[in-house]
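Read-outs: derived from the displayed coordinates by stated rules, not from any lab. Keep in mind that what you see is a predicted model, and the values were worked out from it rather than measured. Here the Cβ is made from the backbone with ideal geometry for all residues, glycine too, and neighbour counts use every protein chain on show.
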Amino acid sequence: MQQPTPAPSTPPHSQSLPPAVAAEDHPVVYPAPPQNKGSAPFHVLVALFEKLQTERKPEKRRKLLSSWFNHWRQEIGYDLFPVLRLILPQKDRERAVYGLKEKNLAKAYIKLIPLGRHDPDAIRLLNWKKPTERDRSSGDFPTVLYEVVNKRSSVVEGSLSINEVNDILDELSQNMGKSDVQSRILQRLYNQSTPEEQKWVVRIILKDLIISVKENTVFGVFHPDAYDLFNTCSDLKKVAWELWDPNRRLNDADKAVQLFRAFAPMLCKRPTKRLEDSIKEMQGRTFIIEEKLDGERMQLHKRGNEYFYCSRKGKDYTYLYGKHVGTGSLTPYIDAAFDPRVDEIILDGEMLVWDPVTERNLPFGTLKTAAIDKSKKELNPRPCFKVFDLLYLNGMSLLHKSLKFRKRNLRSCLTEVAGRIEFLTEFEGRTAKDVRRRMDEIIANRGEGLILKHPDSEYVLNGRNKDWIKVKPEYMDNMGETVDVLVVGGNYGSGRRSGGVSTLICAVLDDRRPNDDEEPKYSTFVRIGSGLSYADYIWIRQKPWKPWGNSPPSWLQVARKGHDDKGDVYIEPEDSFILKVKAAEITSSEGYHLGFTMRFPRALQIRDDLSIADCMSASSLLEHIRSEKKRKMEDAQEKPKKRQNRTTKKVSLMPEYRGVNLKDVEVEDNLFEGLKFVVYSDPKSRTGAEDKTALLQMIHAHGGKYAQIARSDPELLVVYGGQTTPYDVKLIMDKGVCDIIRPQWIIDCVAKGEIVPLTKKYFFHATEARKQTDEYKMDEDSDTEPEPDEEPPVPSSSATRKSESPLQSPGSPATQAKDVIDPALAEWFDVGAEQKKSISKDDSETESETEPEFEPDSDNEDVEPDPEVGFDDDDWEKVEQDAGSSDQVERKGNPADIRMGEDEDAMQYDEEHIFKHLRFYLDTPSNARKHGMSVNTKREADIQRRFEEVAKLITENGGRVADLDDPKLTHVILDKRDTSRRKELIARTAQPKRRHLVISDWVDICLEEGTLLNEEDFMP
């Protein structure tokens, strides 16, 4: 298995060095900075932070930043480096780490305030994570510190400038580890700044501003070329001084990679649709399939006999691998591998650890041990550099050359040295079948996954596009459903889970709304109560949860009925986190705003490497559901069938378009005489068909006529009252010929015994001609229902309540306070004075916290919004067989149709009996012989006894022990002392869905944690 390799710690004799931006002996040459006229007060930057933190509109955040930067240039000067390093503290390479995490800061403040050891506020600072009823700000140290300092500080106006704050931070960094000196520096900060200013200084020290602005937004506002330049040099000072003039533009050479300078490498996208759609992105070309290595991404720079090794995040590891031929654990062994004609070269690849004894890559924690091993024994584990790209050769940047060109020249530049420097394994492919075949091989060999690359792709620094697509087993069609969702609410637990939030309510980003909407909206989708460990719950409960109240927050859309998506508490998106969730399938549900939910959902991982901008979108999820439905239909058609004697097949319409037998319904009166109706059922309603039948019977009983298909007849009345707009209803709306009325009009007419006026409230959609009638306008001033001409979904209850909320009313004090600007700061935030600029699609999307450690894969970027999933164009007719057909009987037993769970209606795991709904095959020696597999172990008796214990644990906790051929089988359990049948078991249990293979320890640890844990961590 290609195991990941850890980022080695710091070099010898250095406790902590900042990430490198250039190789040793190759210092960065900076241009002369523009001269500033003094500095600005720190409180004006704090005002910017406060506004960015509360502003939800990305465009408004950009304007605030732009206005602030422009005013700095006018009043102070063109050197914005002092400001940029405070806005982007995690990108500032000039300051090393401070050695001041929350605990050390708490101790320092307890000493300088001063507070007694038993003072409640001292205890609160030290236990800032612990939530209490009284202190709801727990979980965010800067806020807790602000509340403690605010009680005692007498400073009402800070005297520090931005330059002075930078000086204080420089001193703290230079005196790392010297607590007494750092305490004196913090005392100066305490005496000269307000509690609010201190809160933001602490956020800068912790490098976690939480201002909802990503680094590319800050760079984009500062200068159009800033982000490109930063990707080539990873140096904030160079960007600030090189691009101080907003009118100066860089040429392509300035944005290319440079020798001995760290750059941000190209990354992979995750496919957002089914695999076949990702293949289409390759445009019919033969594409490259590479094995995905979960190692340490590394770039190698070489000039002559000098080397430079740098990680993806800009850390210099040359001290480990060797600067020259005579030093390090790798350079001495690979120097001869390069062609003599190669003088300068930059390679991109993955650093792994190779064990020559077992001839495989070793686990995560062995890289540093192997790298610093100086014994040089031939059979010791050693670093091995797997190369997959060539970016620079003898003075020429190859970023804009095709991948095919780069790979061809790569193989001419060096020769492999086994176990030291090797080319990444790669194959060619043209179809999804080629990818699936390679994935099966990867899984059998404990691999991570695959990368699909377009042969003509250029190398985009820090870019993710459809030319490089990452495919992991869980992304594929037969591994269940996996999504990244945003946690928006929670319910308190009981029993073992009492004491805080236990069940999480998750949502997807509703991108089906107009782009100019006030704030991003989220649609509830699923609730999670399984998969999280005890440590996960400790972390989750420290978040700033807020009471749910009588209605959800304005940004959250919930279902109109039921309690599944209503919580005891909720969490603001900017304070929340992404959860990776896996489930057996996605199914329709009225209990969630999206109209769908997951069956047997389970949390796989808290994705703290992702930001809220990476939450799956509604359109992406709906497109996936539609694609999955179509794929299953295609798979069913492609399966070879035995030749059988079949009865004649009759062509019949789908149930939606079949007539209703009304022979037994008597006509009671002629109320609807002369009127003709077409009735459509709600595809999301479980009783849609019954409701339609009842409505047609009512129409018939009162003299009306009906048709099955809506023709272009303006006299025809279409009846529909669902919460979404199906495809065929949308077609009627687009034609603008027929009115669409709600069923309530028919019900009201029958109840009153007369035709009631067709006023606005009775219309789902009215034609333009209808809107001009006096009858339609009769109740215009009354409380009517909205008409979804463009937006199909009926507004949610949360959207309705929004207008009623005093917090949202235009004249409320909260709204007024938000818009009021201190006159002294007005010029800094004069966004109205700027010209309106068009905002690109990327910038207009919801943005996340300051910036995650790295940009994650996006699930949302490649899918065009398409909320309609109810009908496929080719589904208008279906073939139905007679009941006596043997083929029909065979189809009923199709294993692909078998659903997980003890019964069809089960949706969630059982919190008390955690293995309920799961079925396990135990790879005992006796079971292996029974199925014709070989057994070759000396510990057969011990293994058999161990499996007897496992079987007892499974059954006592709700699970079932099953045979290998059980169609509902979910797990295959092996003993780690004998995994010889692993590949054969993978092959035998791969259809119709892959089963989880785990070692027996998984059962024990799941029971210890009281939940189902991620099987990938326990693979044999």
Inset, instruction - Please quote Rg/Rh for region 481-633 to two decimal places, taking the Kirkwood radius as Rh and restricting both calculations to Cα atoms. - result: 0.95
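Counting alpha carbon pairs within less than 8 Å and at least 6 residues apart, what relative contact order, in whole percent, applies to region 896-1018?
Averaging sequence separation for qualifying contacts and normalising by length gives 29 percent for region 896-1018.
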Legend entry - Once the Cα gyration tensor of region 655-771 is diagonalised, semi-axes √(5λ) in Å: 21, 18, 13
Inset, instruction - Subtracting the Cα-Cα distance from 0.36 nm times the residue separation, let me have the gained length for residue 1001 to residue 254 in nm, one decimal. - result: 263.5 nm
Inset, instruction - Name the long-range amide H neighbours of residue 423: under 5 Å, sequence gap of 5 or more, or other chain; modelled H, no Pro or chain starts. - result: 387
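Using a 10 Å cut-off on Cβ atoms, rank the peptides 534-541, 217-224, 437-444, 248-255 from the highest mean neighbour count down.
Numbers: 534-541: 15.2, 217-224: 21.4, 437-444: 17.8, 248-255: 11.9.
So the order, starting with the most tightly packed, is 217-224, 437-444, 534-541, 248-255.
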Inset, instruction - Compare the peptides 667-678, 698-709 by average per-residue count of other Cβ atoms within 10 angstrom and give them in order, highest first. - result: 698-709, 667-678
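Take every DSSP beta bridge whose two residues both sit in region 655-771, then give the antiparallel share in percent to the nearest 5. Write down the numbers at each step before the final one.
Numbers: 2 of 11 bridges.
In region 655-771, approximately 20 percent of DSSP beta bridges are antiparallel ones.
Using 29 Å as the Cα-Cα cut-off, could you pick out the over-long pairs in 207/543; 129/470; 214/993? Walk me through the intermediate numbers first.
Values: 207/543 18 Å; 129/470 37 Å; 214/993 39 Å.
Table pairs above 29 Å Cα-Cα are 129/470; 214/993.
Kindly state, to the nearest 0.05, the FRET efficiency for residue 359 paired with residue 945, given R0 = 35 Å and r defined as their beta-carbon distance. Walk me through the numbers on the way to the answer.
Details: r = 33 Å, r/R0 = 0.95.
Using R0 = 35 Å, I get an efficiency of 0.60.
Taking the DSSP beta bridges in region 896-1018 as the whole, what percent of them are antiparallel, to the nearest 5? The partial results should precede the final answer.
On the way: 1 of 10 bridges.
Expressed as a percentage, antiparallel bridges in region 896-1018 total about 10.
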Inset, instruction - Determine the distance separating the Cα centre of region 914-972 from the Cα centre of region 682-712; give it in Å without decimals. - result: 53
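Determine the percent antiparallel among the DSSP beta bridges restricted to region 294-423, to the nearest 5. Before the final figure, lay out the partial values.
On the way: 31 of 34 bridges.
Around 90 percent of the beta bridges assigned by DSSP in region 294-423 are antiparallel ones.
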Legend entry - In nm, spacing of pseudo-spin labels at residue 101 and residue 444 (7 Å Cα→C-beta vector): 4.5
Legend entry - Förster radius 35 Å - calculated FRET efficiency between residue 415 and residue 170 (Cβ-Cβ, nearest 0.05): 0.15
Legend entry - Extended-chain gain in nm, criterion 0.36 nm per residue less alpha-carbon gap, residue 539 and residue 935: 138.1 nm
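Say the cut-off is 32 Å between C-alpha atoms; which of 51/401; 91/472; 101/151 go over it?
Working: 51/401 44 Å; 91/472 30 Å; 101/151 23 Å.
Over 32 Å apart, Cα to Cα: 51/401.
Counting only C-alpha contacts under 8 Å and six or more residues apart, can you give the relative contact order of region 294-423 as a whole percent?
Details: 257 pairs, mean separation 32.1, N = 130.
Relative contact order here is 25 percent.
If each residue of separation counts as 0.36 nm, what is the full-extension length gain between residue 754 and residue 965 once their alpha-carbon separation is subtracted?
Details: separation 211, 0.36 × 211 = 75.96 nm, distance 6.36 nm.
Result for the pair: 69.6 nm of gain on full extension.
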Inset, instruction - May I have the convex hull volume per residue, in Å³, for the Cα set of region 102-206? - result: 92
Inset, instruction - Would you work out the charge dipole size for region 655-771 about its Cα centre, treating the Cβ of every Lys and Arg as +1 and the Cβ of every Asp and Glu as -1, and quote it to the nearest 20 debye? - result: 420
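Let me have the relative contact order for region 708-769, percent, based on Cα pairs under 8 Å that are six or more residues apart. Mind showing how you got there, number by number?
On the way: 66 pairs, mean separation 22.2, N = 62.
Here the relative contact order equals 36 percent.
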Legend entry - Coordinate range along principal axes, alpha carbons of region 173-253, Å, largest first: 49, 25, 20
